[in-house]
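The values are calculated or read from the model by the stated rules, or taken from the named source; none is laboratory data. Everything numeric in this text was worked out from a predicted model, so none of it was measured. As a convention, Cβ positions derive from the backbone with ideal geometry for all residues, glycine included, and neighbour counts pool all protein chains shown. These accessible areas exclude ligands, DNA and RNA; they are computed on the full protein's heavy atoms, side chains included. Shrake-Rupley method; radii C 1.70, N 1.55, O 1.52, S 1.80 Å.
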Amino acid sequence: MPEYAVVAVLVTAAVTWALRALPFAVLAPLRASATVRCLSTRMPAGVMVILVVYCLRDLPVTESRAVAPPAALAVTVGLHLWRRNALLSILAGTAVHVTLASTLFTN
C-alpha cells in the first residue's frame, strides 16, 4: 500500500513540475513572434475599451446617478492624457466616482 502513495506523490510532482516549466519552454519562441509583438501593443487598449463598454452598458441614463460613471471616466481619460500616469488616473477616477456616488447621487 505505501508504494502506491510514493508513486502517486512522484507522478504528482512530475506533472506539477512539467506544468510549471512548460510556459518557460514556450516563452522563448513566442518572443520572436511578430503576432505576439503586435498583440502586446494593441491588447491593453482593447481590453480597456471592452471594460469601459461592459461597465457602462447597463447605465440608467434617465436617472441622475448615471452622471457619476461618465464623470469619473472623463476625469480618468483627461488626467491620463494630461499626465500619462496610469496609477494617478485610475486613483483619481475612482475617487471621483466614489465621491459622486456616495454623496451627490445617493437617491
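So how much slack lies between Ala32 and Leu91, counting 0.36 nm per residue of separation and subtracting their Cα-Cα distance, in nm?
Numbers: separation 59, 0.36 × 59 = 21.24 nm, distance 3.53 nm.
Contour length minus Cα-Cα distance gives 17.7 nm.
Starting with the highest mean, order 19-26, 75-82 by the number of other Cβ atoms within 10 Å, averaged over the residues of each peptide. Walk me through the intermediate numbers first.
On the way: 19-26: 9.1, 75-82: 15.1.
Highest-to-lowest ranking by the protection proxy: 75-82, 19-26.
Helix 86-99 sits at what angle to the longest principal axis of the chain, using alpha carbons and giving 0 to 90 degrees rounded to 10?
Orientation of helix 86-99: about 50 degrees from the principal axis.
Do any trypsin sites (Lys or Arg not before Pro) in region 59-107 lie in a loop, going by DSSP, with at most 16 other beta-carbon atoms within 10 Å of their beta carbon, and if so which?
Numbers: sites: Arg65, Arg83, Arg84; in loops: Arg84.
For trypsin sites (Lys or Arg not before Pro) across region 59-107 that sit outside H, G, I, E and B with at most 16 neighbouring Cβ atoms in 10 Å, the list reads Arg84.
Counting only helical runs of four or more DSSP H residues, what would the 222 nm mean residue ellipticity of the chain come to if each run contributes -39,500 (n - 2.57) and the total is spread over all its residues?
About -27000 deg cm²/dmol.
Taking the Cα centre of the chain as the origin, how large is its charge dipole in debye, to the nearest 20, when only Lys and Arg (+1) and Asp and Glu (-1) carry charge on their Cβ atoms?
Working: 8 positive and 3 negative charges, 96 e Å.
Dipole of the chain, to the nearest 20 debye: 460 debye.
Can you give the accessible area per residue of the chain, in Å², using a 1.4 Å probe?
Details: 8690 Å² over 107 residues.
For the chain, the solvent-accessible area averages 81 Å² per residue.
Residue-wise, which Karplus ³J(HN,Hα) couplings in Hz belong to region 66-81, taking 6.51 cos²θ - 1.76 cosθ + 1.60, θ = phi - 60°, and x for glycine or proline?
6, 6, 4, x, x, 5, 5, 5, 4, 5, 4, 5, x, 5, 5, 5
What FRET efficiency, computed as 1/(1 + (r/R0)^6) with R0 = 35 Å and r the Cβ-Cβ distance, is obtained for Ala45 and Thr106, rounded to the nearest 0.05? Before the final figure, lay out each step's value.
Details: r = 34 Å, r/R0 = 0.97.
Efficiency, from the Cβ-Cβ distance: 0.55.
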